[in-house]
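Notes follow once the structure below has been shown.
The values are calculated or read from the model by the stated rules, or taken from the named source; none is laboratory data. As the structure is a prediction and not an experimental result, all values here were calculated from the model. Glycine also receives a Cβ, built like all others from the backbone with ideal geometry; neighbour counts cover every protein chain displayed. SASA here: full protein model, heavy atoms, side chains in, ligands and nucleic acids out. Shrake-Rupley method; radii C 1.70, N 1.55, O 1.52, S 1.80 Å.
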Amino acid sequence: MQETIKNVVQWAADKNLLKKENSLAQMAKVTEEVGEVASALLKKDTPKLIDGIGDVMVTLIILAEQNQLRIEDCLEAAWVEISNRSGKTVDGTFIKD
């Protein structure tokens, strides 16, 4: 996974995408890709779901890099926050206490 992340960052650098001022445009791209994931889920289209989730990850890696963050650090911070969270799942959604 580390190698793939490095490849994505290099690709984004080669395309001149890593400027911080591009962050809002990148966030729009993240949102677009999340919409494609939703569409794939609704259509039960596994190949498009795989592609969409991958695209979301790529766009988030680029967004992190634009803001001088590492996606691994972002994920770790989220994990630390949720790892000991208590609550329950209701209708497929986790509700924290």
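Observations
- Verdict on Q2 being of a type in the set (S, T, N, Q) and modelled with pLDDT of 95 or more: no
- Filter result for L42 (hydrophobic (A, V, I, L, M, F, W, C), open to solvent by 80 Å² or more (accessible area, probe 1.4 Å) and in a helix (DSSP H, G or I)): yes
- Residue within region 11-18 that is within 30 Å of D97 (Cα to Cα), open to solvent by less than 60 Å² (accessible area, probe 1.4 Å), in contact with a helix residue (DSSP H, G or I) (Cβ under 7 Å, 6 or more places away or on another chain) and modelled with pLDDT of 95 or more present: no
- Test: residue in region 69-87 that is part of a loop (DSSP other than H, G, I, E, B), at pLDDT 95 or above and either surrounded by 15 or more Cβ atoms within 10 Å (Cβ to Cβ) or in contact with a helix residue (DSSP H, G or I) (Cβ under 7 Å, 6 or more places away or on another chain) (or both): yes
Conditions (1) assigned to a helix (DSSP H, G or I); (2) surrounded by 12 or more Cβ atoms within 10 Å (Cβ to Cβ); (3) on the phi > 0 side of the Ramachandran plot, marked per residue:
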| residue | (1), (2), (3) |
| --- | --- |
| E3 | yes, no, no |
| V30 | yes, yes, no |
| L60 | yes, yes, no |
| T89 | no, no, no |
